[in-house]
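Participant: First, the structure itself, so that you have it in front of you.
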Amino acid sequence: MVDSRYILTLYPLNNKVKEKVCVKNMQLSDSIREIKGIGEKSEKLFAKLGISTVEELLFFYPREYEIVENIRPINEVKEGHIVVVSGTLGSKPRLQYVRNLKIVSTFLRDASGQLEVTWFNMPFIMKTLRMGTRYIMRGRVINKNGRYRLQQPKLLSEEEYHKLLKKLQPVYPLTAGLTNHAVSKAVGSALKEVDLTGDYLPLEMRKKYNLILRKQAVHAIHFPKDKEEYMQARRRLVFEEFFFFALALHQMKQGKHQKPSPYEMNTFELPEKLMDRLPFDLTDGQKRAWGDIRQDLTSSVVMNRLIQGDVGSGKTIVAVLALLACVENGHQGAIMVPTEVLAEQHLKTFQEYLGPFDIRVDLLVGSMTASQKRRVYEALEMGMTDIVIGTHALIQEKVHYKDLALVVTDEQHRFGVRQREEFSQKGLEPHMLVMSATPIPRTLAIILYGDLDISVIDVMPSDRLPIKNCVVGTSYRPKAYEFIEAQVRQGHQVYIICPMVEESENMEAENVTDYTDTIKGILSPSIRVECLHGKMKAGAKNDIMERFAAGEIDVLVSTTVIEVGINVPNATVMMVENAERFGLAQLHQLRGRVGRGSAQSYCIFMAGNSSRETMERLNILGGSNDGFYVAEQDLKLRGPGDLFGIRQSGELNFALADIYQDAGILKDANEAAAMYTKDDILNLCKKYEGLRKRIMAYTDDIFL
Ligand SMILES: Nc1ncnc2c1ncn2[C@@H]1O[C@H](COP(=O)(O)OP(=O)(O)OP(=O)(O)O)[C@@H](O)[C@H]1O
């Protein structure tokens, strides 16, 4: 029930509510083409960012904000910082052609020193630059071979500089061809045209939880006057995200748990047999998780269970046991994973485990040919496939299951509650098992996975040695390569992670393509080095992964495509280049790719800069292999509301909210959402444009 204090605002007695999102000229649902200055070409570029309506544009939040600071003497600039410097050009600008890049370079001098300045692919800037003239420049300082360099700076007039001084400038995630200026201009125009005066959160709730008006928040998240205003806007919008999520969860929870299951299962001989055949004993955590699942499957209600266990804790075998039980009891099972590479890997693992049993396991992924897919569709519909492993392809319309009784989703945060629902609608009412390696404290897990029961695998297999970590600067590279050589000589394999696929004009960081060439020249010729990245075709990626898993590749240079779930126990070294560019949770996931067998494993975090903040953050990983501890310490270090904190990746997909940083807001939003009934929600949706869509992002249960 909604608290009676809220009802007053939700349903005013006089019924003359003016709160509806009435609009000046533009509707939230309008195409962005309605915005001045957006033509066909920009429309296509925005579409690449997933933006086609005004609403999507307004909810496309800046990635970070830059503050234009006072002009700094050149000898005080720091690596990695964005600075404003002023001085005279000390040399005639030079244009060079390096591979496919056009590089303009010169020097800027002030009374304290001089700084090299470069621009990529902007040869026209030569016309603006005159030796001996004074300029104000704003750009990032990078370290190029031990020397500072101002990279790709913007030239500011005196007037522009004073106008921007101390202001927060939004920085949006971009796509090639679309500038930050173009996005912020479009947002600015849209904000002028759309009237957002209504607010779907009632006054009492806003007061209780200290939330500013929605209209104010949407303006301020894009163009905050100062940090204070940004923090208020963020609080309001994060609350909203959690609130809608929690509304959906509460409704699902009410509907779900009592549902009787058509799939009561009562024989578990095959899982027992499989356990007897395993080359290892299950850990206590695995035994407990399996025990919980067994009990759920035997009971008369639908299972909705989360198995939470740190990277490498052995969640897969638990899923195999559950699916095997499902098949033994005469039904079909499915397991859905985020990537094709992972699906292929699971297929092999399942075939190995289930080889001795007469069970048909099939693969269904997007890159299969139409006729291959058709064959699997038929087998699924006829009931010939017992277990299917796949990606999103498993929930395509064309797929019909004969008797789907259990669905396992891996890394649920990649799919969201909504997709889980879609899957559940494929079968009658299949049991659901969700695997997650996200280290969420139990109190939060209870809210976030509100509709699920939770089993925690809290111990690692006993044959594991703790991973040895080190955090080092780039000068350590030669030593690292020697170490890698030695490990390969002992028959082990190595991952090297770089943040980028290829060289970029905007970012100074290692890229997979060049790095692979370079280390091929450094390591002994007998060492087999290959590269892997997301721009490769699915087939090529699978081929590389298969060869790595088969031990035919010694060193794999990869982007973070490797991050989720890959299991090659013979790999013992993980080296991460530019480790400072990744969130700690992501680094922990990456590290989880080693230490998966009984051999000693090592993780080398190589920092591209050695600033105090970078080292402090990375040393958290250096000091512990425990995902929960890492998440907790990261939060402490960033502190709530850290404006420029690197966003965590790999958690639940919220646009702005961060489950660690915003844990307090999550609890508030959950408390508020608990007071809403289904009717309250339906009424709200009638009143406010766009609201239904936002709630439906999590579930459409409410609207059925
Ligand atoms: N009880 C155990 N004793 C020894 N080894 C085990 C045990 N359970 C699983 N393993 C092995 O540990 C490795 C990691 O297991 P698994 O791939 O299931 O991890 P995971 O929990 O899914 O990790 P991630 O979240 O990183 O995907 C596998 O090689 C698996 O065979």
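Participant: Assign unit charges at the C-beta atoms only (+1 for Lys and Arg, -1 for Asp and Glu), then state the dipole size of the range 34-90 relative to its Cα centre in Debye, rounded to the nearest 20.
Facilitator: Numbers: 7 positive and 10 negative charges, 38 e Å.
Its charge dipole is roughly 180 debye.
Participant: Oh, and also: For the range 148-220, which trypsin sites (Lys or Arg not before Pro) are in a loop by DSSP, counting at most 14 other Cβ atoms within 10 Å? Before the final figure, lay out each step's value.
Facilitator: Details: sites: ARG149, LYS154, LYS163, LYS166, LYS167, LYS185, LYS192, ARG206, LYS207, LYS208, ARG214, LYS215; in loops: LYS166, LYS167.
Sparse-neighbourhood loop trypsin sites (Lys or Arg not before Pro): LYS166, LYS167.
Participant: In nm, to one decimal, how far is the ASP679 label point from the ALA509 one, both placed 7 Å along Cα→Cβ?
Facilitator: Each label point is offset 7 Å from its Cα along the Cβ direction, giving 5.2 nm.
Participant: Can I ask one more? Measure out, as a whole number of angstrom, how far apart the alpha-carbon centroids of the range 255-304 and the range 445-464 sit.
Facilitator: When both Cα centres are located, 15 Å separates them.
Participant: Same structure, new question: How big is the dipole moment of the chain about its Cα centre under a simple scheme where the beta carbon of each Lys and Arg is +1, that of each Asp and Glu is -1, and everything else is neutral? Debye, nearest 20, please.
Facilitator: Details: 91 positive and 89 negative charges, 547 e Å.
My answer is approximately 2620 debye.
Participant: Which is farthest toward the positive dipole end of the chain among VAL529, PHE605, ALA190, measuring Cα position about the Cα centre, with Cβ charges +1 (Lys, Arg) and -1 (Asp, Glu)?
Facilitator: ALA190
Participant: Please list, by residue number, every one of the trypsin sites (Lys or Arg not before Pro) in the range 305-405 that is coil in DSSP and has at most 10 other beta-carbon atoms within 10 Å.
Facilitator: Details: sites: ARG305, LYS315, LYS348, ARG360, LYS373, ARG374, ARG375, LYS398, LYS402; in loops: LYS315, ARG360, LYS398, LYS402.
Of the trypsin sites (Lys or Arg not before Pro), the ones in loops of the range 305-405 whose Cβ has at most 10 other Cβ atoms within 10 Å are LYS398.
Participant: What is the diffusion coefficient of the range 256-457 in µm²/s, taking the Kirkwood radius over Cα pairs and the Stokes-Einstein relation at 25 °C with a viscosity of 0.890 mPa s?
Facilitator: On the way: Rh = 16.9 Å.
Calculated translational D: 146 µm²/s.
Participant: Considering only LEU433, ILE467, VAL77, whose Cα is most displaced toward the positive end of the charge dipole of the chain, charges sitting on Cβ of Lys, Arg (+1) and Asp, Glu (-1)?
Facilitator: Comparing the listed Cα positions along the dipole, VAL77 ranks first.
Participant: Can you work out the PRE-style zone for ILE522? Point 7 Å along Cα to Cβ, and I want the residues of the range 577-596 with backbone N under 13 Å.
Facilitator: 577-578
Participant: Sticking with this structure for a sec: Can you find, among LEU156, LEU101, THR118, the residue farthest towards the positive end of the dipole of the range 86-179? Put +1 on the C-beta of Lys and Arg, -1 on that of Asp and Glu.
Facilitator: My answer, from the dipole projection, is LEU101.
Participant: Ok, one more. Looking at the chain, what % of its DSSP beta bridges pair antiparallel, to the nearest 5?
Facilitator: Numbers: 36 of 93 bridges.
About 40 percent, rounded to the nearest 5.
Participant: Would you work out the relative contact order for the range 243-398, in percent, from Cα pairs under 8 angstrom that are 6 or more residues apart?
Facilitator: Values: 165 pairs, mean separation 35.8, N = 156.
The value is 23 percent.
Participant: I would also like to ask the following. Within the accessible area of the chain, what % is carbon and sulfur when the probe is 1.4 Å and the other protein chains stay in place? Working shown, then result.
Facilitator: Working: 15830 of 31520 Å².
Percent of accessible area from carbon and sulfur atoms in the chain: 50.
Participant: While we're looking at this one, here's another question. Per DSSP H run of at least 4 residues, take -39500 (n - 2.57); add these up for the chain, divide by its residues and hand me the 222 nm value, nearest 500 deg cm²/dmol.
Facilitator: Mean residue ellipticity, 222 nm, calculated: -11500 deg cm²/dmol.
Participant: Using alpha-carbon pairs under 8 Å, 6+ residues apart, how would you state the relative contact order of the range 69-165 in percent? Walk me through the intermediate numbers first.
Facilitator: Numbers: 218 pairs, mean separation 28.0, N = 97.
Relative contact order, the range 69-165: 29 percent.
Participant: I've got another one for you. Hey, for a label at ASP543 modelled as a point 7 Å past Cα toward Cβ, could you say which residues of the range 308-343 have their backbone N under 20 Å away?
Facilitator: Output list for this probe position: 340-343.
Participant: Quote to one decimal, in nm, the extra length available between LEU155 and LEU95 on full extension: 0.36 nm per residue of separation minus the C-alpha distance between them. Can you show the working numbers first?
Facilitator: Values: separation 60, 0.36 × 60 = 21.60 nm, distance 1.78 nm.
Using 0.36 nm per residue and subtracting the Cα-Cα distance, I get 19.8 nm.
Participant: Computed FRET efficiency, Cβ-Cβ of ASN619 and GLU482, R0 25 Å: what is it to the nearest 0.05? The partial results should precede the final answer.
Facilitator: Working: r = 23 Å, r/R0 = 0.94.
Computed FRET efficiency for ASN619 and GLU482: 0.60.
Participant: Using a probe radius of 1.4 Å on heavy atoms only, what accessible surface per residue do you get for the chain? Whole Å² is fine. If you can, show how the numbers build up before the last one.
Facilitator: Values: 31520 Å² over 704 residues.
Per residue, the chain has an accessible area of 45 Å².
Participant: State the Cα centre-to-centre distance between the range 561-626 and the range 325-357 in whole Å.
Facilitator: 29
Participant: Modelling each spin label as a point 7 Å along the Cα-to-Cβ direction, I'd like the SER611/ILE446 distance in nm, to one decimal.
Facilitator: Those two pseudo-labels are separated by 3.9 nm.
Participant: For the chain, what does the relative contact order come out to in percent, with C-alpha contacts under 8 Å and a separation of six or more? List each step's numbers first, then the result.
Facilitator: Details: 1279 pairs, mean separation 99.5, N = 704.
Contact order relative to length: 14 percent.
Participant: If packing is taken as the mean number of other Cβ atoms within 10 Å per residue, what is the order of 479-485, 100-106, highest first? Intermediate results must be reported in sequence, preceding the final value.
Facilitator: Numbers: 479-485: 17.3, 100-106: 15.1.
Highest-to-lowest ranking by the protection proxy: 479-485, 100-106.
Participant: Take the residue pairs LYS215/LYS686; LYS402/LYS678; LYS48/LYS535; LYS44/LYS227; LYS144/LYS479; LYS78/LYS166 and return only those whose Cα atoms are more than 23 Å apart. Could you put the intermediate results ahead of the total?
Facilitator: Details: LYS215/LYS686 19 Å; LYS402/LYS678 33 Å; LYS48/LYS535 16 Å; LYS44/LYS227 33 Å; LYS144/LYS479 21 Å; LYS78/LYS166 19 Å.
From LYS215/LYS686; LYS402/LYS678; LYS48/LYS535; LYS44/LYS227; LYS144/LYS479; LYS78/LYS166, over 23 Å: LYS402/LYS678; LYS44/LYS227.
Participant: In nm, give the distance between the simple-model label positions of GLN114 and ASP195, each being 7 Å from the Cα along the Cα-to-Cβ direction.
Facilitator: It works out to 6.1 nm between the two label points.
The values are calculated or read from the model by the stated rules, or taken from the named source; none is laboratory data. Quick caveat, the model's predicted, so the values are computed rather than measured. Every residue, glycine as well, gets a Cβ built from its backbone with ideal geometry; the counts of neighbours run over all protein chains shown. Heavy atoms of the whole protein, side chains included, go into the accessibility calculation; ligands, DNA and RNA do not. Shrake-Rupley method; radii C 1.70, N 1.55, O 1.52, S 1.80 Å.
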